[in-house]
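K.L.:
One structure coming up, written as structure tokens, with questions to follow.
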Amino acid sequence: MVLRVIIVGAGVIGASIAYVFSTIKNVEVIVVEKEPDVCWGVSKANTGIIHPGHEEDPRAHPLRAKLCVEGNKIWREWSSLMNIPFEERGELMIFTTLEERREALKYVEFAKLNNVPGVSLLEGQEVLMLERGVAPSVLGAVYAKTAGIISPFEATITLIENSVANGAKLLVNTEVKRIIIENGEVRGVETNRGIIDGDVVVNAAGLYSDKLAHTAGVELDFKIRPRRGQYIVFERDVEPKPRVILHTTPTPLTKGVYVVTTVHGNLLIGPTAEDLDYDEKENTATTETGLEQLIKEASKIYRIPPRSKVIRFFSGLRPEPPDGNWLIKAYDDPWGLISVAGIRSPGLTAAPAIAYYVKEIVEEVFDLKFEGKEEIKVIKSMERMAEKSYKEIDKLIRQNPDYGEVVCYCNVVSKAEVLEALRRTLEIGAVPTIDGVKFRTTAGFGRCQGSKCRINVAQIISEVTGKPLHAVMWRRSPIGIGDVKVLLRQEI
Ligand SMILES: Cc1cc2nc3c(=O)[nH]c(=O)nc-3n(C[C@H](O)[C@H](O)[C@H](O)COP(=O)(O)OP(=O)(O)OC[C@H]3O[C@@H](n4cnc5c(N)ncnc54)[C@H](O)[C@@H]3O)c2cc1C
């Protein structure tokens, strides 16, 4: 008998669960996503930290603590298997007052309770020896060796690519309106494109997982509140940029303000922590107050470059559950329903461990015994021309002249890479968009933020898909650039 598992949501949680279930025999996986592509929700706008686990209170949130520590380990395996950009950098939780020092000591204790290796207390000069650029006035820091940094969208995309290669099906532009329950059992989901039958439904709908759970008649008091986090991105060539991940001492609301160099080499500071109203699940605005606050907080711990070097502001929304507790549960009534809801930070870190945990509770609650597939296909994440040596680039161009045609000058992305990104997008069944190319290649992430390359990318998408140029999608709507503008640009 084949078990059909419908996963609602292609964020990092849905993608991790899809990957784990796609490696099991006699399980058919269908991932349903309301957006045109994967990773357009919470998972695309975060700090990208793979947390060590010493910031999780094991008494208040035992599951979060356990899965965070496990997830930190599994990402190392998955990223080396699938070539996902990940680096272990180590992290300094910096304190600047005696009160913060007392607070920071708590995390050394949590590290022991959670079995997090490599956590120690550093005082004064020891911090400066580890990271130049740290404000000389800092008192000390908690160092955690196993902190890492990942590209969250490349991780999510690659997991979906691997799921599809192992038999999963992705349905984009498909919004689940309700989970269908009949006689105490899950029957499938009703979507904007019709009904999909299924034996098991995994609700991994991020900010909307509360509303979706309510359609199945469960967790009626469970409400997810968006907690906004704003960020500032600086150019890649700013100096100094920290090698180690830095952040201020956490508060009850957040893990503190981070100062990090992303996997793609930009300096990033953020996030803020602002509780919004329940119905503000799309409010990703940035505000002057929020951004000012970030500069002020980050400057306490690091030498922040001048504002003229800022290239972008953005914000993400944490799906904040009541009491901060993740809701991960398999129900026997209605049989076949699984909630993986309210996965706030450190959800990115814990995602692989959450996926294995979901497999475990499905076996337990639904009385099933899963067997792994004999052969599991591996798809590697896209390689970047900009990270190769001149000799390697020369070889690539000889094999394929499209590598010699640069589309994005800021991040040195070639036409060949854009074409590969589009091929991969179509292969998983997603819709090619300018955003999708950006997440897969970094074209548009650079200094000019796409003002130069956006039209080039749009033209390539138009050529590959046959869509008229004005209908190519950017930020959820057609770009609306017509032939006249293209011609004008060519004249110039
Ligand atoms: C500011 C900020 C900073 C963070 N920093 C970190 C960090 O450094 N490290 C860390 O470990 N964690 C971090 N997190 C937490 C982490 O980003 C989240 O825990 C994780 O991304 C949640 O993933 P998800 O798959 O549950 O949600 P999402 O990525 O939102 O995925 C849910 C998907 O479901 C889709 N969907 C919703 N409703 C429907 C429907 N009805 N039908 C079909 N599809 C639907 C959405 O479009 C979306 O694609 C941070 C979060 C924020 C906001």
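K.L.:
First select every other residue whose beta carbon is under 12 angstrom from the beta carbon of Leu368; then total the charges, Lys and Arg +1, Asp and Glu -1. Mind dumping the intermediate values first?
P.N.:
Values: positive: Lys25, Lys359, Lys369; negative: Asp199, Glu360, Glu363, Glu364, Asp367, Glu371.
It works out to a net charge of -3.
K.L.:
Oh, and also: Sorting check: for 266-278, 430-442, which peptide has the highest mean count of neighbouring beta carbons within 10 Å, and how do the rest follow? Intermediate results must be reported in sequence, preceding the final value.
P.N.:
Working: 266-278: 20.5, 430-442: 24.1.
Result, highest mean Cβ count within 10 Å first: 430-442, 266-278.
K.L.:
Rounded, prolate or oblate: pick one for the range 1-57, where a ≥ b ≥ c are the square roots of the eigenvalues of its C-alpha gyration tensor, a/c under 1.5 means rounded, and failing that, prolate if a/b is larger than b/c, else oblate.
P.N.:
Numbers: a/c = 3.41, a/b = 1.53, b/c = 2.23.
In terms of gyration-tensor shape, oblate.
K.L.:
Please give the per residue volume of the convex hull enclosing the alpha carbon atoms of the range 226-276, rounded to a whole number of Å³.
P.N.:
Details: hull volume 3.8 nm³, N = 51.
Cα convex hull per residue, to the nearest whole number: 75 Å³.
K.L.:
So, one more: Which percent of Cα-Cα pairs in the range 95-230 sits in each 5 Å bin, short to long?
P.N.:
Computed distribution, short to long bins: 2, 7, 11, 11, 11, 11, 10, 9, 9, 8, 6, 3, 1, 0.
K.L.:
At 24 Å minimum axial length over the Cα atoms and a Kyte-Doolittle cut of -1.0, report the qualifying DSSP H helices in the chain, or say none.
P.N.:
Values: long enough: 62-82 (29 Å, -0.30); 347-365 (25 Å, 0.68).
Once both thresholds are applied, what remains is 62-82, 347-365.
K.L.:
How big is D for the range 413-469, in µm² s⁻¹ as a whole number, if Stokes-Einstein is applied with the Kirkwood radius of its Cα pairs at 25 °C and 0.890 mPa s? Walk me through the intermediate numbers first.
P.N.:
On the way: Rh = 11.1 Å.
Diffusion coefficient, whole number: 221 µm²/s.
K.L.:
What net charge do the residues around Leu3 carry, taking every other residue with its C-beta under 9 Å from that of Leu3, with Lys and Arg at +1 and Asp and Glu at -1? Display every interim value, and only then the final one.
P.N.:
Details: positive: Arg4; negative: Glu28, Asp199.
Summing Lys/Arg as +1 and Asp/Glu as -1 gives -1.
K.L.:
Okay, next question. Would you grab the residues whose amide H sits under 5 Å from the one on Lys169? Only those 5+ places off in sequence or on another chain, please, with H modelled 1.01 Å from N.
P.N.:
Residues meeting the criterion, in which the H sits 1.01 Å from N, are Val29, Ile30, Val31.
K.L.:
Could you state the number of Å between the C-alpha centres of the range 207-237 and the range 377-445?
P.N.:
Using only Cα atoms, the two centres lie 31 Å from each other.
K.L.:
Going down the list Lys388/Lys467; Lys438/Lys467; Lys25/Lys438; Lys177/Lys467; Lys34/Lys211; Lys309/Lys395, which pairs span over 23 Å between their C-alpha atoms?
P.N.:
Working: Lys388/Lys467 33 Å; Lys438/Lys467 19 Å; Lys25/Lys438 35 Å; Lys177/Lys467 29 Å; Lys34/Lys211 14 Å; Lys309/Lys395 35 Å.
As for pairs spanning more than 23 Å Cα to Cα, those are Lys388/Lys467; Lys25/Lys438; Lys177/Lys467; Lys309/Lys395.
K.L.:
Arrange the peptides 285-292, 419-426, 254-261 so that the one whose residues have, on average, the most other Cβ atoms within 10 Å appears first. Can you show the working numbers first?
P.N.:
On the way: 285-292: 14.2, 419-426: 19.0, 254-261: 23.6.
My ranking of the peptides, most packed first, is 254-261, 419-426, 285-292.
K.L.:
What list of whole percents do you get for P(r) of the range 75-124, with Cα-Cα distances grouped in 5 Å bins up to the one holding the largest distance?
P.N.:
Percent of Cα pairs in each bin: 5, 16, 20, 17, 15, 12, 9, 5, 1.
K.L.:
Could you tell me the center-to-center distance, by alpha carbons, between the range 111-169 and the range 356-375 in angstrom?
P.N.:
Distance between centres, Cα-based: 30 Å.
K.L.:
May I ask you to order 94-103, 158-167 by the average number of other C-beta atoms within 10 Å around their residues, highest value first? Mind showing how you got there, number by number?
P.N.:
Working: 94-103: 16.2, 158-167: 24.2.
Peptide ranking by packing, descending: 158-167, 94-103.
K.L.:
With no solvent and one point per C-alpha, what does the Debye sum give as log10 I(q)/I(0) for the range 371-420 at q = 0.17, 0.21 Å⁻¹?
P.N.:
Results for the range 371-420 at q = 0.17, 0.21 Å⁻¹ read -0.54, -0.71.
K.L.:
How large is the dipole of the chain about the Cα centre if only Lys and Arg carry +1 and Asp and Glu carry -1, each at its Cβ, rounded to the nearest 20 debye?
P.N.:
Approximately 1380 debye in magnitude.
K.L.:
What translational diffusion coefficient, in µm²/s and rounded to a whole number, does the Stokes-Einstein relation yield for the range 43-136 at 20 °C and a viscosity of 1.002 mPa s, taking the hydrodynamic radius as the Kirkwood radius over Cα pairs?
P.N.:
Working: Rh = 15.0 Å.
The estimated diffusion coefficient comes to 143 µm²/s.
K.L.:
Sticking with this structure for a sec: Per the Kirkwood formula on distinct C-alpha pairs, the Rh of the range 385-491 is how many angstrom? Working shown, then result.
P.N.:
Values: mean 1/r = 0.0708 Å⁻¹.
One over the average 1/r among Cα pairs gives 14.1 Å for the range 385-491.
K.L.:
To the nearest whole percent, what portion of all C-alpha pairs in the range 339-380 is separated by more than 11 angstrom? Please list the in-between numbers first.
P.N.:
Details: 634 of 861 pairs.
It works out to 74 percent of all Cα pairs.
K.L.:
For Ile295 and Glu387, FRET efficiency with R0 = 30 Å and r from the beta-carbon atoms, rounded to 0.05? Numbers along the way, then the final one.
P.N.:
Numbers: r = 30 Å, r/R0 = 1.01.
Result of the calculation: an efficiency of 0.50.
K.L.:
In Å and from the alpha-carbon atoms only, list the Rg and Dmax of the chain.
P.N.:
Rg and Dmax of the chain, Cα atoms, are 22.7, 68 Å.
K.L.:
Ser80: net charge of surrounding residues, Cβ under 15 Å, Lys/Arg +1, Asp/Glu -1, itself excluded? Let's see the in-between values first.
P.N.:
Working: positive: Lys73, Arg76, Lys380; negative: Glu77, Glu87, Glu88, Glu154, Glu383.
Here the count lands on -2.
K.L.:
At a 4.7 angstrom Cβ threshold, list every cysteine in the chain that has nobody to pair with, or say none.
P.N.:
Cys39, Cys68, Cys410, Cys448
K.L.:
Starting at the first residue of the range 190-199, write each ³J(HN,Hα) from the Karplus equation 6.51 cos²θ - 1.76 cosθ + 1.60 with θ = phi - 60°, in whole Hz, x for Gly and Pro.
P.N.:
The phi angles translate into 9, 10, 5, 10, x, 9, 10, 6, x, 8 Hz.
Every read-out reported here was derived from the displayed coordinates using simple, explicitly stated rules and does not represent laboratory data. This structure is a prediction, so every number in the text was calculated from the model and none was measured. All Cβ positions, glycine included, derive from the backbone under ideal geometry; neighbour counts span all protein chains shown.
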